[in-house]
2 protein chains.
Amino acid sequence: MKIAMLSPLSWRTPPRHYGPWENVVSLLTEQLVAMDVDVTLFATGDSLTRGKLAWVCERPWSEDATINPKVWECLHIAEVFRRADEFDLIHNQFDFLPLTYSGFTNTPVVTTIHGFSSPSILPVYKKYNDRTHYVAISETDKNDELDYIATIHHGIDITQFPWREDAGDYLLFFGRIHPHKGVHDAIEVARRTGLRLVIAGIVQDEAYFQEQVEPHIDGTHVEYLGSVGPEKRQEVLGGALALLHLIHFDEPFGLSVVESMACGTPVIAYRRGSMPEIIRDGHTGFIVADVDAAVEAVGRAAALDRRACRDDVEQRFTFRHMARAYLDVYRSILDQRENHRPWGHYENLLERDDHKVKELIVKPGERLSLQKHQRRAEHWTVVSGAALVTVGDREIPLMPGQSVDVPMGAVHRITNPGDVLLVLVEVQMGDYFGEDDIIRLEDDYDRS
Amino acid sequence: MKIAMLSPLSWRTPPRHYGPWENVVSLLTEQLVAMDVDVTLFATGDSLTRGKLAWVCERPWSEDATINPKVWECLHIAEVFRRADEFDLIHNQFDFLPLTYSGFTNTPVVTTIHGFSSPSILPVYKKYNDRTHYVAISETDKNDELDYIATIHHGIDITQFPWREDAGDYLLFFGRIHPHKGVHDAIEVARRTGLRLVIAGIVQDEAYFQEQVEPHIDGTHVEYLGSVGPEKRQEVLGGALALLHLIHFDEPFGLSVVESMACGTPVIAYRRGSMPEIIRDGHTGFIVADVDAAVEAVGRAAALDRRACRDDVEQRFTFRHMARAYLDVYRSILDQRENHRPWGHYENLLERDDHKVKELIVKPGERLSLQKHQRRAEHWTVVSGAALVTVGDREIPLMPGQSVDVPMGAVHRITNPGDVLLVLVEVQMGDYFGEDDIIRLEDDYDRS
């Protein structure tokens, strides 16, 4: 199976520090490669993969201000679709823009919707709902107006988040410093419980940081670590009593929540978005309504079994689960392709009012149904392999370069008696070419 | 000839007040329609045309903040390319994003480059240089790294800009209020010449307006009209002594310069961008180096012949000139299409290692060359019309549904003896399918 994996260009894949989408893309890609899937990763030129890397943009635009995102993103997307015929399937993890190129290829496209940044982007997803396949990253992030082929939670590399038996003595905020993320709620909870708060993450909203976070930082009660890279992440997460994830929007998924639980650290979160789906209330953390309830939950956090947090992640949120689930999605799409048949498959080359041209590929030992058509004649030319064809009461062997006419109404059948693929070009002539003008008299696959 | 004309979504086509790209698109579209070209205009849903209107986005995003430009622009562009097969040619007047969809259709794409907003967008134009056709809007705006099929100046509707014999008593600034446009230079020139200055245009840089323009507005020496709609434009332009176009960047074209000259009002401009190409120095205005020279030029402006300004526009800058020039470009592209031949044309349906499938369409009374191939056999099936084919020393008439084999090396020819199109499907089998494996023995069109 040949997969094209389309990653964003905002950060390297995998990211050097921050970059959740690129992180997920990398974990999935590497695990698929480990499972012998042939994956070509379309990402920035400095990306790292054990699969094949394809790139047009050398560096991530978040790390290089000379790169115009609008320019390089469309070149990046056009490149994967230019090469679409090389792949069985394209997995789009880039957001909506690639959808508008999906109509120009017959290669199926799976899109992981990493959340809706705004309701204003919904029209694109609705427009391509019928011709592409959407994967939700949580049940709660599903939009009623879209169809989804699956919900697949993100998975993490648990070896990067070793379990710690003993609970630490501090509360932790881990994420971007932004009002939506509720850093001020975490500070309030820490103050009221008398526990130390450690804050880790990049500042996304500078004014918010200066007004509502920085004045509380004293190194004793409230400590700010800045952005924490992959190495230090497990230490900070594992050493906490609990992660405070008191966020003010419906987060579609929470990678840091799962990473925290992997280390054994339970999570206290507001009842919003995917939190009730990820956290088992009273087992791996607490789902709360407000600051009062969060303060109360902190008092019960030490009593939770840190092993249960780890176990739950091992059972539900590893990259192996994620990769197996995506592989199932890929397989189900490839099995259902419109032009696939039990005997092989076909490709439509041309359709006009009075004629249609197809290429048929018949597997060794297989044969099409014994059939006839009322509104079209057919003409077959074998181009490789060998055929045994039935036309009326004749049985005719055909070698490459040989051809035969099937008059309108004549009973006919194609058999591949050999042990290599039979390829033939079919020219249909008539005034109607629909699949419902197939009258099957006999079929190895019991189709009507 | 069927043309898809792709307009931006920023403003209505034609624009209600401001919107230079949409203005040019509208003038070209309507004139092509008047010349019996079948034009489908892809623009906002509220656009006006005597051609066919196609739209996915109801209103322009500059007039409706609920419209997400990124979302609707990609849907808009994808729509024209989804319908590409319906058109002989797509004319892109949208900037660079449509280029990245151009690889998914065989319909030729012409792109008018309305200037480079930044050097950072050049990579997209370079990438698609070989497969699309660029039109420059002035010689000066050409980029050395790109190939252009033509330079076509914008044309205006001169009936909207009636000529005025007598020069007015004020100087005019006409354009967006932005430091690049040199409003402050115009104010300085007016002050030093003692003449009144009239300023017309939308404020694009509010701080600049407040600091460098507004303090001078007194209604007597300096007057500000705000944005001036299409009706009042000719009055303001025609009533001036001269237009001051003292801009600080290399403007690729200047519509208001041409509109001013159409009214008979000469233009004083800095020697930058397209100005020396549009203004005939000493005849329809003056090209100057700085404010001192502009002040001096104002003194000579009244002596210029206002009829000469009008005449020059009539001879070089009408929408009729523009439309004829674009029509020439369209025709030259369609004549050179790769799959067009003197006898008709063909379409490639499939190309594999060991076979290739084509549809051939032969015009009535025409015939292909008498030819042979060394590395491929061919098999022809007539699907409509009638054929007379030569294979070796045989002449074989073929009706729809009938077919014939052409062995490798056999001399052959296809003739359409009838008076309707002959359509046939050709299956080539061999190991090489290049055009250089055609050995022509005789040809009606003297090809080697």
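The values are calculated or read from the model by the stated rules, or taken from the named source; none is laboratory data. Only a predicted model underlies this, so the values are computations on that prediction, with no experimental measurement involved. For neighbour counting, all protein chains shown are included, and Cβ atoms are generated from backbone atoms with ideal geometry for every residue, glycine included. In case anyone asks, the SASA skips ligands and DNA or RNA and just uses the protein heavy atoms, side chains included. Shrake-Rupley method; radii C 1.70, N 1.55, O 1.52, S 1.80 Å.
Side notes on the structure shown:
- Verdict on B:Val425 being part of a strand (DSSP E or B) and either within 14 Å of chain A (Cβ to nearest Cβ) or open to solvent by less than 40 Å² (accessible area, probe 1.4 Å) (or both): yes
- Put simply, of B:Val56, B:Val71, B:Val80 the only residue that is without any contact (Cβ under 8 Å) to a residue 12 or more places away in the chain, of a type in the set (Val, Ile, Thr), under 16 Å from A:Tyr101 (Cβ atoms) and within 12 Å of chain A (Cβ to nearest Cβ) is B:Val71.
- Out of B:Thr151, B:Thr159, one residue alone is open to solvent by 50 Å² or more (accessible area, probe 1.4 Å), free of Cβ contacts under 8 Å to residues at least 24 places away in the same chain and away from chain A (no Cβ under 14 Å). It is B:Thr159.
- Residue count for segment A:431-448 satisfying the condition of being open to solvent by less than 80 Å² (accessible area, probe 1.4 Å) and either touching a Ser or Thr at 6+ places or on another chain (Cβ under 8 Å) or within 14 Å of A:Arg367 (Cβ to Cβ) (or both): 6.
- Hey, B:Val389 in contact with a Pro (Cβ under 9 Å, 6 or more places away or on another chain), closer than 20 Å to B:Asp419 by Cβ, more than 14 Å from chain A (Cβ to nearest Cβ) and part of a strand (DSSP E or B) or not: yes
- For segment A:239-286, the candidate set comprises residues that are modelled with pLDDT of 95 or more and hydroxyl-bearing (Ser, Thr, Tyr); within that set, the residue that is farthest from A:Val298 (Cα to Cα) is A:Ser274.
- The one condition from (1) free of Cβ contacts under 8 Å to residues at least 24 places away in the same chain; (2) in a loop (DSSP other than H, G, I, E, B); (3) of a type in the set (S, T, N, Q) that A:Gln210 does not meet is (2).
- Candidate set from segment A:35-69 (those that are surrounded by 14 or more Cβ atoms within 10 Å (Cβ to Cβ) and aliphatic (A, V, I, L, M)); member that is nearest to A:Leu9 (Cα to Cα): A:Ala43
- Taken residue by residue, segment A:120-127 has at least one member that is at pLDDT 95 or above and among the charged types (D, E, K, R).
- Tally of residues being touching a residue at least 40 places away in the same chain (Cβ under 8 Å), crowded, with 19+ Cβ neighbours inside 10 Å and within 11 Å of another protein chain (Cβ to nearest Cβ) across segment B:83-97: 2
- Of all residues in segment A:392-404, those satisfying the criterion of being hydrophobic (A, V, I, L, M, F, W, C), within 14 Å of another protein chain (Cβ to nearest Cβ) and open to solvent by less than 40 Å² (accessible area, probe 1.4 Å) are A:Leu398, A:Val404.
Okay, residues lined up against (1) at pLDDT 95 or above; (2) among the hydroxyl-bearing types (Ser, Thr, Tyr); (3) over 18 Å from B:Tyr326 (Cα atoms):
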position	(1), (2), (3)
B:Tyr18	no, yes, yes
B:Val25	yes, no, no
B:Leu53	yes, no, yes
B:Ala78	yes, no, yes
B:Val109	yes, no, no
B:Ile113	yes, no, no
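- Evaluation of B:Leu146 against (1) surrounded by 20 or more Cβ atoms within 10 Å (Cβ to Cβ); (2) away from every other protein chain (no Cβ under 14 Å); (3) assigned to a loop (DSSP other than H, G, I, E, B) (one fails), failing number: (1)
- Within segment A:124-143, being open to solvent by less than 40 Å² (accessible area, probe 1.4 Å) and either part of a helix (DSSP H, G or I) or within 14 Å of chain B (Cβ to nearest Cβ) (or both) holds for A:Val124, A:Tyr125, A:Tyr128, A:Asn129, A:Thr132, A:Asp141.
- Selection within segment B:98-113 - surrounded by fewer than 23 Cβ atoms within 10 Å (Cβ to Cβ) and facing chain A (nearest Cβ under 10 Å): B:Ser102, B:Gly103, B:Phe104, B:Thr105
- Residue list for segment B:349-386, filter: closer than 20 Å to B:Arg440 by Cα, open to solvent by 20 Å² or more (accessible area, probe 1.4 Å), within 14 Å of chain A (Cβ to nearest Cβ) and assigned to a loop (DSSP other than H, G, I, E, B): B:Arg375
- Of all residue pairs spaced 6 or more apart or on separate chains, those with beta-carbon atoms under 9 Å, a first member in segment B:432-443 that is farther than 9 Å from B:Gln371 by Cα and a second member that is charged (D, E, K, R) and open to solvent by less than 70 Å² (accessible area, probe 1.4 Å) are B:Tyr432/B:Arg376; B:Phe433/B:Lys356; B:Phe433/B:Arg376; B:Asp437/B:Arg376.
- Given (1) out of contact with any Pro (no Cβ under 8 Å at 6 or more places or on another chain); (2) surrounded by 14 or more Cβ atoms within 10 Å (Cβ to Cβ), number of the condition A:Tyr208 does not satisfy: (1)
- So A:Leu32, is it open to solvent by 20 Å² or more (accessible area, probe 1.4 Å), among the aliphatic types (A, V, I, L, M) and in contact (Cβ under 8 Å) with a residue 40 or more places away in the chain: no
- Scanning segment A:327-350 for residues that are among the acidic types (Asp, Glu) and in contact with a strand residue (DSSP E or B) (Cβ under 8 Å, 6 or more places away or on another chain) turns up A:Asp328, A:Glu347.
- Qualifying positions in segment A:61-89 - aliphatic (A, V, I, L, M), under 20 Å from B:Thr105 (Cβ atoms) and touching a Lys or Arg at 6+ places or on another chain (Cβ under 8 Å): A:Leu75
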